[in-house]
Each structure stands twice: as C-alpha cells, then as structure tokens.
Amino acid sequence: MAEKQSQPRKPTEVLHKVESRKRLLEVAHDLEAACQKYQFAIYDLKEEMEQKGLKFSLQCLVYEVCGPHQSRKISEANGKISAALSCRVSVYREGSRVTLAAIRPTAAVEMFHAPQLRSMAEEVEAVMLKIMDEAAA
C-alpha cells in the first residue's frame, strides 16, 4: 500500500489590501473607531514622525494596530516574532481610491517558522481584516 504524502501548504498571501471610495481622513477616522470596537490599540506613526520634525510628502497614514493580549502571548511563546509586532496598517491614496494595506499576521508566523502560533495569528488576522473592512466600507 502506498504511503499518503501530505501536500505542501500554499504560502500565505503576505499583503492584504482593501480599497475604499471614502476620503483618506474619513477612512483613518473609521479605522480608529473599528480598532476601539475590537479593543485593539492604535498608534499614528505619521503623527509621531511629524512631532520629530519628519514630514511625509506622500498622503499616507501608518498605524500600528495591536491586540495587546494576543501580542503578549505571541511574544512570550516566541521572542523572535516580537520583531514583527505590532501589526501595521497603511492608509494611502492610490489613484482615485484610498487603500488600506497590512502584512498578514499568518505570513509573519510563517516567516518566523512558528507553526505552533498559527491559530493565534489566525485569530488576530481575522479581527484585523474586519477592522480594515469596516474602515473601508
């Protein structure tokens, strides 16, 4: 009897993008509201950079989005992954639309070869995608 070979897993798509017809600042406002709804922390990196005298010429907002309890669990389980925390969501103009983009947490787990953390990454990713979808809608 032939031994059944497992099929290689399809790699996770690294970047998740959502388009919106809303104005950039409206999407940013709605992203902040969605993060609060799901109890994710949010930090405006553009604002922090501008406070340090660095100006962005691109109309782009970059947020760190964090599920603090999940981040703690993931960091404690594998310290290397803390280099990829918190998740970032960029909100920028692309042509006539506003785009939200983020690296999927499941892709980060694959990058660090930590399959034991996949289920936690999937939970975080599910909420993150909801947040992005709600902000774009």
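Readers should treat all values here as calculations from the given coordinates under stated rules, not as data from a laboratory. The structure presented is a predicted model; accordingly, all values stated were derived computationally and were not measured. All Cβ positions, even for glycine, are placed from backbone atoms using ideal geometry, and neighbour counts span all protein chains on display.
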- Local electrostatic count at residue 117 - Lys and Arg +1, Asp and Glu -1, tallied over other residues with Cβ under 14 Å: 0
- Query: Once label points are set 7 Å from the Cα along Cα→Cβ at both residue 76 and residue 133, what is their separation, rounded to one decimal in nm?
  - Reply: 3.0 nm
- Roughly how tilted is helix 24-37, in degrees to the nearest 10 and between 0 and 90, from the longest Cα axis of the chain? 50 degrees
- Message: Can you tally the net charge around residue 96? Count Lys and Arg as +1, Asp and Glu as -1, for every other residue whose Cβ sits under 14 Å from the Cβ of residue 96.
- Response: +3
- Task: Working from Cα positions, state the angle (0 to 90°, nearest 10) between the long axis of helix 118-136 and the longest principal axis of the chain.
- Result: 30 degrees
- Message: Please report the antiparallel percentage of DSSP beta bridges with both residues in the chain, rounded to the nearest 5.
- Response: 100 percent
- Query: What list of ³J(HN,Hα) couplings, whole Hz, do you get for the stretch 82-90 from phi and the Karplus terms 6.51, -1.76, 1.60, once you set θ to phi - 60° and write x for glycine and proline?
  - Reply: 4, 5, 9, 9, 6, 5, 10, 10, 9
- Decide, for the stretch 19-60, between rounded, prolate and oblate: order the square roots of the alpha carbon gyration tensor eigenvalues as a ≥ b ≥ c, take rounded if a/c falls under 1.5, and otherwise choose prolate if a/b is larger than b/c, else oblate. oblate
- Could you give the semi-axes, largest first, of the ellipsoid that matches the chain, computed as the square roots of 5 times the alpha carbon gyration tensor eigenvalues and rounded to whole Å? 30, 18, 14
- Item | Neighbour-count order for 90, 82, 119, fewest beta carbons within 10 angstrom listed first | 119, 82, 90
- Message: Sort 95-106, 31-42 by packing, meaning the average of other beta carbons within 10 Å per residue, with the highest value first.
- Response: 95-106, 31-42
- Query: Tally Lys/Arg at +1 and Asp/Glu at -1 over every other residue whose Cβ is under 10 Å from the Cβ of residue 56; what's the total?
  - Reply: +1
- Message: What number do you get for the stretch 49-97 when its Cα radius of gyration is normalised by 2.2 N^0.38 Å, N = residues?
- Response: 1.53
- Message: Using only the alpha-carbon atoms, how far is helix 68-77 inclined from the longest principal axis of the chain? Give it as 0 to 90 degrees, nearest 10.
- Response: 40 degrees
